[in-house]
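A.B. asks: Quick one: the structure is below, questions incoming.
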Amino acid sequence: MDAARWIYPSPRGLYVEPAGLFIDPPGAVDRAVITHGHSDHARPGHAHALATPATLAIMRARLGGGFAGTTQALAYGEAIRIGGVDLRLVPAGHILGSAQVVLEHAGQRVVVSGDYKRVADPTCAPFEPVGCDIFVTEATFGLPVFRHPDPLGEVRRLLDSAALFAERCHVVGVYALGKCQRLIALLRQAGYDRPVYLHGALQALTDLYVGEGIALGDVRPVADAPRGDLMGAIVLAPPSALADRWSRRLPDPLSALASGWMRVKQRAKQRGVELPLVISDHADWHELTRTFADVGAAEIWVTHGREEALVHHAATHGLRARALALVGYEDEGS
Amino acid sequence: MIAFASLLERLIFSPARQTKLRLMTEYFRATADPDRGYALAALTDGLDFAHAKPAAIRALVESRVDPALFAWSYDFVGDLAETAALIWPEPASPRAPPPRLSEVVERLRLAGRSEVPALLGAWLDTLDATGRWALIKLISGGLRVGASARLAKTAVAALGGEDVAKIDEVWHGLAPPYASLFAWLCGAGDAPRIDRRTAFLPMMLAHPLDDGELDTLDPKDFRAEWKWDGIRIQLVSFDGERRLFSRTGEDVGPAFPDLLAAAPEGCVIDGELLVRTGDAIGSFNDLQQRLNRKRPPASLVAALPAMLRVYDILFEGAEDLRPLPFAERRGRLERWHAARLGNAAIDLSPLVAFADWEALARHSAEARPRAAEGLMLKRADSPYLAGRPKGHWYKWKRAARSVDAVMMYAQRGHGRRSSFYSDFTFGCWRVGPDGAALVPVGKAYFGFSDADLARLDKFVRGHTVNRFGPVREVEPSLVCELEFDSVHRSPRHKSGVALRFPRIARIRWDKPAAEADRLDALVAMIDG
């Protein structure tokens, strides 16, 4: 049986028919598998939700205890069978708890990557390539202009700027889940041991990461900090807060933004960013295309992002490729 | 090249003028000749490489990268230099040392067309993404890093604690890499001496009149004259050397040999360059035909002879008249002109008499000659000052014309608007035997706020009915009020008309498309 007959895109999301389940459905369904905790993938209201323990914990923290009728935690590597489909979750390297969904049915293996990256991240398990017949990939940075530099190098640029403009408070816009905690971990990796200050909206998920055993050092709420302590300090905030009244109480704030989009200078300028940091939790073009080779799939399906170029690339490398045109997913941090 | 790239990158991300000035002054202080001189030339748009045009850059990139991937990337990024810089493959082996800025400039100047791609490719292989971006921006002209030519000159002036006006005075007699200028400002030489006979003098420019500003001005202090719809020109003529400089100091003389031949000796004159058709003044479109021909054929010169309508006199012989008040210069200009009445290529822009602003407004509305686009108000006591000094000259443009048109197509914008749908084609209704159909009448891509831009972009994405490459056809349902200066006949456009300076005045979210204007309304506005 052709795989496209038992797994296919539908208006309610990517559907696995024999198992009756949707992967990351944009609206409430009966049975959902959630790849990771970002809100455009992890929606509330499903009758039954299956995910890694960390993803379920993140959903609970963001959506409250009753976010789904029943939940089922599946650890990385643990296998279950639903309606004749063998299913397991393997690390995707995107954020804490993020998983690829490995599905086997009728002698075919399909891997749904969810969002992923290949570069090392101290806050989550690394991406694990799984050989398959069909690889369903994201395409957030699916253009060859996207090549993420070494994240430690980017963090060093932030530290250099904080040393040079020691009187200015460095406010870095970060996504609340994943980017925030990864940036703190990277700062620690770069040897920065001063306190890192957090906007209130970032506190709960950072506490959750620490509770999951990820060491982030001295992290404090910015609201409690004396103004004098914030000169030359690093403050993390949601991107929307950068241009907001909130940042005005900080001493001479210098706005930075950590995102893969910062690779495009015109984008950074549009957003009024003075210090763009190219740090992304998504695979860049080279990671995406390298992954196609690593998993050895003959067919590539592209879910969301800039799919045309990836489909073209796959086709010119002898792979069958199609854009699924799934709706409901957002671009990272934009 | 590395220091220059880093300067450009810091400039583009620094919103504050003072920060930009400091960055540039520091760069000029820390960088040696001739690199800093070429950087100054780049920042003031003074570099031009004949064989390194956007098409050549594109071809070079496409020799290393799949053209389809490049096209998608360019559509997304919206800036050729940046797309090329980002997509350029990183070399596998260790990089060779990057070139100095001066090496790039000097070698590109001497290189033939066929040598450019190899040179450029080799340099790009030595640079990181920011270096590549700076190199491509440098050679393709127009840095657009948020620092004007004037700001760059101000930063240079600050090196020696001088006023920027002192730089302006000598600027057009100098050439890159400006060694004598830097030597002077760094205290290692005297101010550069320039050849007055062929040097452009910085022009005096006007401010647009703001709403209500007239009420604060006393009509008695001002003189009025028509603002002619040609191009502003400075004629410099000494010892048989003659130049026609545009507002920016570009020498356009070779395109107008007839005017050069007729130019009087021993003067610097400020005026408007126009062309004649028979006894009348030609339209701006007529002038455009002459401007487009660097070496015009005799037939074109005969059909559209050039003339100078004079506004002001800056030098008469060796005498610098610029410090005199306008009223006094005007007297000198009239006497100068009266002595040359036989010269058909020169005429005098008359003053417009008026008692008060209302009388002037009425006169302007009722008696404006066809070739005038509005009025100039000049203080009677103003000296001739370089640049756009406040409170001296004002331009009072005639009310723009307008039409309600329907959005038909949209394309992504560039620069600050990259990735937004911000370039729109609008149409009006043409009624034919088969009913009414929209015909495109023009493109407009400014006149709206960033908030409007976001809404327009959203509208385009939500109402796309068709795609032609980067162009989206939208459902014809959104009406915008377009303002423009004038309408001309145009055989090149399907509608037969072309708008001059169209802009979006208002977005009519409320107005049904069927109620937009008909093409007839535009045809009725054609004026020459």
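The values are calculated or read from the model by the stated rules, or taken from the named source; none is laboratory data. A quick note: this is a predicted structure, and the numbers were derived from the prediction, not measured. As a convention, Cβ positions derive from the backbone with ideal geometry for all residues, glycine included, and neighbour counts pool all protein chains shown. The protein model used for the area step is the full one, side chains on, heavy atoms only, and it has no ligands, DNA or RNA in it. Shrake-Rupley method; radii C 1.70, N 1.55, O 1.52, S 1.80 Å.
A.B. asks: Regarding residue B:35, is this residue touching a residue at least 60 places away in the same chain (Cβ under 8 Å) and open to solvent by 40 Å² or more (accessible area, probe 1.4 Å)?
C.D. replies: Answer is no for this residue.
A.B. asks: Let me ask you something else. Report those helices (runs of 4 or more DSSP H) wholly inside region B:54-102 carrying at least 1 residues which are without any contact (Cβ under 8 Å) to a residue 24 or more places away in the chain, open to solvent by 20 Å² or more (accessible area, probe 1.4 Å) and more than 24 Å from residue A:314 (Cα to Cα).
C.D. replies: B:54-62
A.B. asks: Within region B:105-118, which residues are part of a helix (DSSP H, G or I), among the hydrophobic types (A, V, I, L, M, F, W, C) and more than 18 Å from residue B:35 (Cβ to Cβ)?
C.D. replies: Correct list: B:116, B:118.
A.B. asks: Within the group B:293, B:322, B:247, which residue is assigned to a loop (DSSP other than H, G, I, E, B), more than 27 Å from residue B:351 (Cβ to Cβ) and of a type in the set (Lys, Arg)? Walk me through it before giving the result.
C.D. replies: Values: B:322 fails: more than 27 Å from residue B:351 (Cβ to Cβ); B:247 fails: more than 27 Å from residue B:351 (Cβ to Cβ).
Checking each option against the conditions leaves just B:293.
A.B. asks: Shifting gears a bit: Taking residue B:381 as meeting all but one of (1) more than 14 Å from chain A (Cβ to nearest Cβ); (2) in contact with a Ser or Thr (Cβ under 8 Å, 6 or more places away or on another chain), write down the number of the exception.
C.D. replies: (2)
A.B. asks: Give B:371, B:380, B:436 a once-over and let me know the one that is touching a strand residue (DSSP E or B) at 6+ places or on another chain (Cβ under 7 Å), in the same structural domain as residue B:325 (by TED's automatic domain parsing) and at pLDDT below 90.
C.D. replies: Every option except B:371 fails the conditions.
A.B. asks: On to the next question. Assess whether residue A:326 counts as being in contact (Cβ under 8 Å) with a residue 40 or more places away in the chain and open to solvent by 10 Å² or more (accessible area, probe 1.4 Å).
C.D. replies: Taking the combined requirement at face value, the residue satisfies it.
A.B. asks: From B:149, B:129, which residue is among the hydrophobic types (A, V, I, L, M, F, W, C) and either surrounded by fewer than 18 Cβ atoms within 10 Å (Cβ to Cβ) or farther than 24 Å from residue A:313 by Cβ (or both)?
C.D. replies: B:149
A.B. asks: Can you give me the number of residues within region A:261-273 that are open to solvent by 20 Å² or more (accessible area, probe 1.4 Å), touching a residue at least 40 places away in the same chain (Cβ under 8 Å) and either part of a loop (DSSP other than H, G, I, E, B) or away from every other protein chain (no Cβ under 14 Å) (or both)?
C.D. replies: 0
A.B. asks: I'm checking my understanding of the structure. Among residues of region A:244-260 that are farther than 19 Å from residue A:165 by Cβ and open to solvent by 20 Å² or more (accessible area, probe 1.4 Å), which one is modelled with the lowest pLDDT?
C.D. replies: Residue satisfying both the conditions and the ranking: A:244.
A.B. asks: Condition first: surrounded by 12 or more Cβ atoms within 10 Å (Cβ to Cβ), at pLDDT 90 or above and farther than 21 Å from residue B:284 by Cα. Can you find one or more residues in region B:342-350 that meet it?
C.D. replies: Yes; the residues of region B:342-350 include at least one that is surrounded by 12 or more Cβ atoms within 10 Å (Cβ to Cβ), at pLDDT 90 or above and farther than 21 Å from residue B:284 by Cα.
A.B. asks: Restricting to region B:152-180, and then to whatever is free of Cβ contacts under 8 Å to residues at least 60 places away in the same chain and among the charged types (D, E, K, R), can you tell me which residue is most open to solvent (accessible area, probe 1.4 Å)?
C.D. replies: Per the stated criteria, the residue is B:166.
A.B. asks: Also: Looking at region B:198-223, which of its residues are assigned by TED's automatic domain parsing to the domain that holds residue B:269, among the β-branched types (Val, Ile, Thr) and open to solvent by less than 50 Å² (accessible area, probe 1.4 Å)?
C.D. replies: Residues satisfying the conditions do not exist here.
A.B. asks: Residue B:40: at pLDDT 90 or above and either buried (at least 18 other Cβ atoms within 10 Å of the Cβ) or over 30 Å from residue B:160 (Cβ atoms) (or both), yes or no?
C.D. replies: Considered against the rule, which asks whether it is at pLDDT 90 or above and either buried (at least 18 other Cβ atoms within 10 Å of the Cβ) or over 30 Å from residue B:160 (Cβ atoms) (or both), residue B:40 comes out as yes.
A.B. asks: Further, regarding this structure: Given the criteria of a type in the set (Gly, Ala, Ser), more than 14 Å from chain A (Cβ to nearest Cβ) and outside any loop (DSSP other than H, G, I, E, B), does residue B:41 qualify? Let's see the steps before the verdict.
C.D. replies: Details: of a type in the set (Gly, Ala, Ser): yes; more than 14 Å from chain A (Cβ to nearest Cβ): yes; outside any loop (DSSP other than H, G, I, E, B): yes.
Considered against the rule, which asks whether it is of a type in the set (Gly, Ala, Ser), more than 14 Å from chain A (Cβ to nearest Cβ) and outside any loop (DSSP other than H, G, I, E, B), residue B:41 comes out as yes.
A.B. asks: Kindly check whether there is at least one residue in region A:274-290 that is of a type in the set (S, T, N, Q) and more than 11 Å from every other protein chain (Cβ to nearest Cβ).
C.D. replies: Yes, region A:274-290 contains a residue that is of a type in the set (S, T, N, Q) and more than 11 Å from every other protein chain (Cβ to nearest Cβ).
A.B. asks: Hey, could you check region A:56-96 for residues that are out of contact with any strand residue (DSSP E or B) (no Cβ under 7 Å at 6 or more places or on another chain) and at positive phi and say which is surrounded by the most Cβ atoms within 10 Å (Cβ to Cβ)?
C.D. replies: A:93
A.B. asks: Still on this structure: Listed residues B:394, B:384; which is in contact with a His (Cβ under 6 Å, 6 or more places away or on another chain), crowded, with 20+ Cβ neighbours inside 10 Å and farther than 27 Å from residue B:493 by Cα?
C.D. replies: One residue alone meets the criteria, B:394.
Let's see how each residue does on (1) assigned by TED's automatic domain parsing to the domain that holds residue A:92; (2) modelled with pLDDT of 90 or more:
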| position | (1), (2) |
| --- | --- |
| A:286 | yes, yes |
| A:290 | yes, yes |
| A:294 | yes, yes |
| A:305 | yes, no |
| A:311 | yes, yes |
| A:314 | yes, yes |
| A:319 | yes, yes |
| A:329 | no, no |
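A.B. asks: May I ask you to list the residues in region A:80-100 that are within 15 Å of residue A:125 (Cβ to Cβ) and not in a loop (DSSP other than H, G, I, E, B)?
C.D. replies: Of region A:80-100, the ones within 15 Å of residue A:125 (Cβ to Cβ) are A:88-100.
Hits for region A:80-100 are A:88, A:89, A:90, A:91, A:99, A:100.
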